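Step one of this worksheet: look at the structure below.
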């Protein structure tokens with residue numbers, strides 16, 4: 001018999017439970033750097049191995065998006081440096097947001113401007129390295145095919161990505177008084 005069918009038959013079948021009141025303490029102080037664990041809030045990710053895996057997965061998706069945009073823009077008549085710059089700008093903001101959330105477990109607006117500032121600095125490194133690679137390739141091998149262009153710039157992007165991880169881990173992944181690890 002279902003519990004709903006029993007409800008109207010007899011009060012002896014009903015179970016009465018007293019209300020339970022649990023004490024609620026103030027959250028622990030963050031001045032000592034301890035993590036505050038709040039239900040429903042993802043924990044900060046500090047394990048280097050898992051950060052590298054997540055960062056790499058986001059990097060693969062971002063690189064594929066960049067390559068697609070680069071080829072699309074080159075096909076539309078833009079030069080390699082302009083196509084690279086536009087493609088990097090369009091993918092950099094989403095990449096930083098994804099790494100902030102998925103790689104380092106940082107959510108909310110707290111430190112958002114600082115974190116995207118770190119992303120901007122990492123973007124500066126990426127644009128410097130990839131633009132230098134594209135410029136050198138166009139001067140050293142002016143007739144290079146699109147696959148060669150893509151390979152050279154992608155290789156420069158791999159170097160930039162390693163630097164990007166180090167910068168983002170240092171800035172976004174670090175603890176602050178308001179965002180303890």
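No lab work stands behind these numbers, since they all come straight from the coordinates. For clarity, every value in this text was computed on a predicted model and none was experimentally measured. Heads up, the Cβs are rebuilt from the backbone with ideal geometry, glycines too, and the neighbour counts pull from every protein chain shown.
At residue 158 and residue 102, where each label point lies 7 Å from the Cα along Cα→Cβ, what is the point-to-point distance in nanometres?
2.1
So if each residue of separation counts as 0.36 nm, and I subtract the Cα-Cα distance between residue 113 and residue 63, what length gain in nm does that give?
Values: separation 50, 0.36 × 50 = 18.00 nm, distance 2.39 nm.
Extra length available between residue 113 and residue 63 comes to 15.6 nm.
If I model a spin label at residue 141 and residue 90 as a point 7 Å from the Cα along the Cα→Cβ vector, what separation in nanometres do I get?
About 2.6 nm separates the two model spin labels.
Express the relative contact order of the range 48-171 as a whole percentage, based on alpha carbon pairs under 8 Å and six or more residues apart in sequence. Walk me through the numbers on the way to the answer.
Numbers: 100 pairs, mean separation 33.8, N = 124.
Relative contact order comes out at 27 percent.
For the ranges 60-70, 137-147, 89-99, what's the packing order if you count other beta-carbon atoms within 10 Å of each residue, average per peptide, and put the highest first? Intermediate values should be presented prior to the final figure.
Values: 60-70: 16.7, 137-147: 11.0, 89-99: 18.5.
Highest-to-lowest ranking by the protection proxy: 89-99, 60-70, 137-147.
Taking a temperature of 10 °C and a viscosity of 1.306 mPa s, what whole-number D in µm²/s does Stokes-Einstein yield for the range 48-171 with Rh from Kirkwood over alpha carbon pairs?
Estimated via Stokes-Einstein, D reaches 107 µm²/s.
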